[in-house]
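**Q** I have a structure I would like to understand better, so I am pasting it below and will then ask my questions one at a time.
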Amino acid sequence: MANVLFIEPDKGLGGTYVQAFEHAGHTVHMAATAEEAIMTVDEQRPDVVVMELQLPGHNGVAFLHEFRSYNDWSDIPVIINTYITPAKMDQARAALKTDLGVTVIMYKPRTTLQRLISTVNEQVRA
Amino acid sequence: MQYTGATHSEEALRLLASVAEQLKFPLTSILRKAELGTLTGDLSLVDANAIQMHANAALTLVDSYLLGLQLLSSQQSLPLEPVSVSSLLVDVAHELQAMAKQYDMKLELHIGGKYEPVMAHRAGLRAALVSLGYALVESYPHAGGHIRLAVHRTPHGIVTGVYGDYQQINAAQWRTALDLKGKAAQPFTALTGNAGAGLFVAEAILQAMETRLRVSKYQKQKGLATTLQPSQQLHFV
């Protein structure tokens, strides 16, 4: 099973993700900010990162620029699970995938736990 | 509180948009909590389905409202594309199915016949039809009713909408409701016991696409529908 890092500023929702993923057999780490996430990646070396783009302090894009600047972490898949609607994400979608190595972009309100778990499983297997 | 002048209206709209954006947070939490409850066995599937259906309906209304605002405030003309109404209606029916089941209603899909694609904003048209569908399912006066998603052709274009046994729906009442929109707590007394927001959100999205929601009739059933123009480009091909 995988070592999953969630970057999720909403602690209530984050708690739900932790319970669901642990129930599915994964090990889960939680970070609420980009700064916290960098430290957690350094300490835990997750197999996959699931993140919100709208973060307090440094936003998700700033995190991704820093995250992808480290060679050791360049192969860690990143799944964006965000409140930003698909219509608004349209312009940024290509840049996030091509320049920042984002593998999957999902709209958080419509992404069920089961779908998120299966997406993480697919990314870990890939 | 009374708003006067454009600045206050814009401020009020922005505030309302922020409220709508923020409403997504608790609604998403409710949806995921309910799902977690079924995964861990803490919540029965029946209860979880009911919670998820209501939260999904609210989320759809919020999403559609925000999309309508985005489309209406867009400085550029909307990117219209050829859209197959039949396949879009299949997608809409899939979205409405859970709610129809919860309200003990039968959802029918009438997409027989061959229709050329229409020029539309795909996400906008989908959101408008889903909003309309949710609003009409919610307002249906009795359980066991039939609601119909349909597409048909008229001399004016391709008509698509939601139909049912709405005895009291007529063009005059719809016009009155549009006049009362945002002013009365229950602008469409003949149809809904609430503010009818889903109907007006659907209307706003369609207006952004330069079309309207109108009272329509299909196979002896009444409903609300919109008329779309076939894609000329593909017509020639």
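**Q** Across peptide B:18-29, how many C-beta atoms of other chains are within 10 Å of each residue C-beta, on average?
**A** The shielding value for this peptide is 3.
**Q** Using every pair of alpha-carbon atoms in chain B, split the distances into 10 Å bins beginning at 0 and state the percent of pairs per bin, rounded to integers.
**A** 7, 29, 35, 21, 7, 0
**Q** Evaluate peptide B:49-61: per residue, the Cβ atoms of other protein chains within 10 Å of its Cβ; return the mean as an integer.
**A** Taking all residues of B:49-61 together, the mean is 1.
**Q** Now a separate question. More than 28 Å apart: what percent of Cα pairs in the protein assembly as shown qualify?
**A** 51 percent
**Q** Still on this model: Would you compute the Debye intensity of the range A:1-44 from its alpha-carbon atoms alone, equal scatterers and no solvent, and pass along log10 I(q)/I(0) at q = 0.15, 0.17, 0.18, 0.29 Å⁻¹ to two decimals?
**A** Reported log10 I(q)/I(0), two decimals: -0.33, -0.42, -0.47, -1.01.
**Q** Let me ask you something else. Kirkwood hydrodynamic radius, computed over distinct alpha-carbon pairs, for the range A:3-125: how many Å, to one decimal?
**A** Hydrodynamic radius (Kirkwood, Cα pairs) of the range A:3-125 is 14.3 Å.
**Q** Still on this structure: What FRET efficiency comes out for A:Ser118 versus B:Asn49 if R0 is 25 angstrom and r is the Cβ-Cβ distance? Round to the nearest 0.05.
**A** 0.80
**Q** With +1 on each Lys and Arg Cβ and -1 on each Asp and Glu Cβ, how big is the dipole of chain B about its Cα centre, in debye rounded to the nearest 20?
**A** 600 debye
**Q** Given the protein chains as shown and a 1.4 Å probe, how many square angstrom of B:Lys106 are accessible, to the nearest 10?
**A** 110 Å²
**Q** Once you wrap a convex hull around the alpha carbon atoms of the range B:1-112, what is its projected area averaged over all directions, in nm²?
**A** 10.8 nm²
**Q** Another question about this same structure. Just give me a number: lysine pairs in chain B, eight or more positions apart or cross-chain, with C-alpha atoms less than 27 Å apart.
**A** 18
**Q** Which peptide among B:202-212, B:36-46 comes first, and what is the full order, when sorted by highest mean count of other Cβ atoms within 10 Å?
**A** Ranked from most to least packed, the peptides come out as B:202-212, B:36-46.
**Q** Right, here's the next one. Under the 0.36 nm per residue contour assumption, what length would be gained going from the current alpha-carbon distance of B:Ala98 and B:Lys220 to full extension?
**A** 41.3 nm
**Q** With the full set of protein chains in place, find how many percent of the accessible area of the range A:3-125 is carbon and sulfur; take the probe as 1.4 Å.
**A** Carbon and sulfur together cover 49 percent of it.
**Q** Let me ask you something else. Could I have the simple spin-label model distance between B:Leu180 and B:Gln232, label points 7 Å from Cα toward Cβ, reported in nm to one decimal?
**A** According to this spin-label approximation, the distance is 4.1 nm.
**Q** Same structure again: Using a 1.4 Å probe, what is the accessible area per residue for the protein assembly as shown, in Å²?
**A** Roughly 50 Å² per residue, with all protein chains present.
**Q** Shifting gears a bit: Note down, for the range B:94-178, the three equivalent ellipsoid semi-axes (square root of 5 times each alpha carbon gyration tensor eigenvalue), biggest first, whole angstrom.
**A** 22, 17, 13
**Q** Based solely on its DSSP helices, what 222 nm [θ] is calculated for the protein assembly as shown when runs of n ≥ 4 H residues each add -39,500 (n - 2.57) and the sum is averaged over all residues, nearest 500 deg cm²/dmol?
**A** Here the helix-only value at 222 nm equals -17500 deg cm²/dmol.
**Q** Using only protein heavy atoms and a 1.4 Å probe, how much accessible area in total is buried between B and A, to the nearest 100 Å²?
**A** What B and A bury together is about 1700 Å².
**Q** Top to bottom by accessible area (1.4 Å), largest first, where do B:Lys222, A:Lys11, A:Lys108 land?
**A** Ranked from most to least accessible, the order is A:Lys11, B:Lys222, A:Lys108.
**Q** Round to the nearest 10 and report in Å² the accessible area of B:Glu108, as given by a 1.4 Å probe over the protein chains' heavy atoms.
**A** 40 Å²
The values are calculated or read from the model by the stated rules, or taken from the named source; none is laboratory data. Everything numeric here is computed off the predicted structure, so don't read it as measured data. Heads up, the Cβs are rebuilt from the backbone with ideal geometry, glycines too, and the neighbour counts pull from every protein chain shown. For the accessible areas, the whole protein counts, side chains as well, though only heavy atoms, and no ligand, DNA or RNA atoms are used. Shrake-Rupley method; radii C 1.70, N 1.55, O 1.52, S 1.80 Å.
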